[in-house]
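See structure below.
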Protein chains: 2
Amino acid sequence: MLTERQRMILNAIVDDYIRSAEPIGSRSISKRGGVGFSPATIRNEMADLEELGYLEQPHTSAGRVPSTKGYRYYVDHLLKLGEVSEQELNRMRGFLADQMNQMEQVIQHAAMILSNLTNYTSIVLGPEMFSNSLKHFQLVPLNQDTAVAIIVTNTGHVENRTVSIPVGIDISEMEKITRILNTKLVGVPLSRLRSRLYSEVGEELGRYVEHCEQLMGALDEALASDNEHRMFLSGTTNMLTQPEFKDVEKVKTLLDLFDETPTLMKLVSSHPDGIQVRIGTENDHEAINNCSLITATYSFEGKSLGMIGILGPTRMEYGKVISLLDVLSKDMTVLLGKWYK
Amino acid sequence: MLTERQRMILNAIVDDYIRSAEPIGSRSISKRGGVGFSPATIRNEMADLEELGYLEQPHTSAGRVPSTKGYRYYVDHLLKLGEVSEQELNRMRGFLADQMNQMEQVIQHAAMILSNLTNYTSIVLGPEMFSNSLKHFQLVPLNQDTAVAIIVTNTGHVENRTVSIPVGIDISEMEKITRILNTKLVGVPLSRLRSRLYSEVGEELGRYVEHCEQLMGALDEALASDNEHRMFLSGTTNMLTQPEFKDVEKVKTLLDLFDETPTLMKLVSSHPDGIQVRIGTENDHEAINNCSLITATYSFEGKSLGMIGILGPTRMEYGKVISLLDVLSKDMTVLLGKWYK
DNA sequence: CGTTAGCACTCAATAGCATCGAGTGCTAAT
DNA sequence: ATTAGCACTCGATGCTATTGAGTGCTAACG
């Protein structure tokens, strides 16, 4: 358990380091407002804090830098949440209000707002689609052997695949199929669509249409879209302005991670509901072991739909970011509610 | 006009510099196979070539580096196109053959192949959609006041917008509208869709439906998609391995350009048909003044549809890249032909 | 007369060295 | 318990010398 004074010193070091990105010495802490101790005293405490694992020294005769454990303590016990300034709030809501009638737009906008307001990189996971249900199904023939299958969900999302038409099926039959599928499948959650396709619709379809197995196969494949989430990044180059990324090597490993959508998605979606902070080595991926990832979930009727998150250096403005994510995730919960009616 | 010997020397310098990325001295040229002259002779020629503007010197007592003009001469007169190796060809076609039934997939794959095979950054512009025609139109109501408008083109591309429904229109009327639009507009090129919407369909629609102006407005807006081209980048981080981008500042300006899709698109689409090479300062944008951009068009029935391109440092393997783009653009022409029937 | 050997010269890069100063740990005095 | 004092550490900074790859010029050569 840390003493009151140790907490105060740790707090001061983290705050200063977040601002300056340079190791903090005892003298600068001592000269700070509200600290009534000499550098020597601070030094002793700092030595203790280092032994306890909260601080690190790049080398002897350098100042101290917070360790992952130090940041963790800071976030858990010392941090006072920054108010989101009136100005930021206005800017944010102004952006979001802009008559958005596409859900995708809202999500993408949210990512942009986050990265603009923080100067870090933002990651936004769009609503999981498996919980959506089918609103409309359509087969549009393009020529003799191909057609476009279109799925519209209750939230207005449109998914489409090109499927090949088995020989011997003509347009009138296609229309029949479309009608059957619509009457049988509208309202079914996407996650159950494939199984329903076989169990309920299969027989009936077979009654009307020859060669229906091939078509079923094509539809089945079309439905097996593995992108139940869509992910949006924004401000990826913001990282490059951070002093911890003055080395091109580090930049490359990070940007390579950004290109690997599935990995990144796994990393983000492993976070639980609510606001979650992963600091430095707490993150499962090596490329962001000197970064912190903060996420918040937005939801509908208490059920989490997707996530918004900020990735920045461990030396991140936690207070500001956390309160911003909190506000925005709540706004999005409200805003997206209308699509989920 | 350059002498035979000058051409030989220029060729040698460009080739060597492309490999080594370091200024080339007279001695190393002299010692090269097939060159029967002493360093002193080479030096004299190099001085001449510099005076003529084909070479540059980073500083006195350094070797020579090709200038933009030097590269230009190299590309126009000296370059012998590399054969695309059997292995690369197989790899490429293997990738493209992979039962792709989505046009988007083909395009995206092409970008990936290019960046993988070259280790530069690839830029691919999808087929311009304005020349496509409407295949099917659909209005799917989501709830009381919003609906999804879906457009399918003859090439199987699906575009969708959420539109708000004016009060007082019910579902049966929506279906009527859909039917009218389909009978009147199928086959019309997308570029003329908006004008036709007013000129031909407007009155007829008005006869059946009240409050139709608002709906028209909504549809009109939905059709005004400004992304007639879709653009795909791949291998953006490949640039970071190039020695000319060891400086984070330069990396940032380049990556920022990559994020500015419209600017980049303008840059690329300003290139004419066929294979086009823009070297260094020949490019209109400052961020790529030390890069070369090579593009090729793919087409259908002689009409250019879209572009594939490679962006790399001016010190680029022109021969390899050009022949690769040539082969791939022709393959894509063949492959995409089937969608344009 | 074109070519080349020879030579003085230039200049970035590298290494060595002294200096500086911010910061530390320890000890003894308060 | 706190702090002043002090020796010590070590990266950063700046200066100088050295090195070496490369040049331009001139004079000699076949």
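Proximity of backbone amide H atoms, modeled 1.01 Å from N, is registered between B:E56 and B:V65, B:S67 at under 5 Å, excluding neighbours fewer than 5 places apart on the same chain.
How much length, in nm to one decimal, is gained on full extension between A:D48 and A:Q87, taken as 0.36 nm per residue of separation minus their Cα-Cα distance?
Working: separation 39, 0.36 × 39 = 14.04 nm, distance 4.15 nm.
Extra length available between A:D48 and A:Q87 comes to 9.9 nm.
Applying the criteria of a DSSP loop state and at most 10 other Cβ atoms within 10 Å to the GluC sites (Glu not before Pro) of the stretch B:10-59 yields no site.
Compute the label zone of B:T41 within the stretch B:9-28: residues whose backbone N is under 12 Å from the point 7 Å along Cα-to-Cβ. Output list for this probe position: B:9.
Checking every one of the GluC sites (Glu not before Pro) in the stretch B:270-339 against DSSP loop status and a limit of 10 other Cβ atoms within 10 Å picks out B:E301. FRET efficiency for the A:D247 to B:E204 pair, using the beta carbon distance and R₀ = 56 Å, is estimated at 0.30.
The C-alpha atoms of chain B define a longest principal axis, and helix B:318-340 lies at about 20 degrees to it.
Segment A:E104..A:R27, full-extension length gain: 22.6 nm, with 0.36 nm per residue of separation and the alpha-carbon distance subtracted. Look at the dipole of the protein assembly as shown built from charges on Cβ: of B:L125, B:L52, B:G280, the Cα furthest out on the positive end belongs to B:L52. At q = 0.06 Å⁻¹, what is the base-10 log of I(q)/I(0) for the protein assembly as shown according to the Debye formula with one equal point scatterer per Cα and no solvent? Please give it to two decimals. For the requested q values the scattering log ratios are -0.47.
If you average the sequence gap of Cα pairs under 8 Å that are 6 or more apart and divide by the length of chain A, what percent do you get for the contact order? After rounding, I find 18 percent. Starting from a Cα-only point model with no solvent, please compute log10 I(q)/I(0) by Debye for the stretch B:1-61 at q = 0.14, 0.26 1/Å. Relative scattering, expressed as log10 I(q)/I(0), comes to -0.34, -1.28. Each Lys and Arg adds +1 at its Cβ and each Asp and Glu adds -1 at its Cβ; summed about the Cα centre, the protein assembly as shown shows a dipole of about 760 debye. Note on exposure: A:E203, B:E260 ranked by accessible area (1.4 Å probe, complete protein assembly) read A:E203, B:E260, with the most exposed listed first. In the structure displayed, which of A:K266/A:K303; A:K184/A:K330; A:K31/A:K80; A:K250/B:K250 lie more than 26 Å apart, Cα to Cα? Long pairs (Cα-Cα over 26 Å): A:K184/A:K330. Simple spin-label estimate for B:N119 and B:K338 gives 3.4 nm between the two label positions (7 Å along the Cα-to-Cβ direction from each Cα).
Length gained on full extension, A:T261 to A:E286, computed as 0.36 nm times the residue gap minus the Cα-Cα distance: 7.4 nm. Given the options B:I322, A:I24, B:S269, identify the residue whose Cα lies farthest towards the positive end of the charge dipole of the protein assembly as shown (+1 on Cβ of Lys, Arg; -1 on Cβ of Asp, Glu). Positive-end residue among those listed: A:I24.
Other residues within the sphere of radius under 12 Å centred on the Cβ of A:L324, judged by their own Cβ, net out at -2 (K and R +1, D and E -1).
Take every Cα pair under 8 Å in the stretch A:1-160 that's 6+ residues apart, average their separations, divide by the length, and report that relative contact order as a whole percent. Please report the intermediate quantities before stating the final value.
Values: 156 pairs, mean separation 20.8, N = 160.
Relative contact order here is 13 percent.
Considering only alpha-carbon pairs that sit under 8 angstrom and 6 or more positions apart, the relative contact order computed for the stretch A:225-341 is 18 percent.
What net charge is computed for the residues neighbouring A:T3, neighbours being all others with C-beta under 12 Å from the C-beta of A:T3, Lys and Arg scored +1, Asp and Glu -1?
Numbers: positive: A:R5, A:R7; negative: A:E4, A:E45, A:D48.
Computed value for this residue: -1.
The values are calculated or read from the model by the stated rules, or taken from the named source; none is laboratory data. Note that the coordinates shown come from a computational prediction; the quantities given were computed from them, not determined experimentally. Here Cβ is always computed from backbone atoms with ideal geometry, including for glycine, and neighbour counts include all displayed protein chains. Each accessible area value is taken on the protein alone, full model and side chains, heavy atoms only, with ligands, DNA and RNA left out. Shrake-Rupley method; radii C 1.70, N 1.55, O 1.52, S 1.80 Å.
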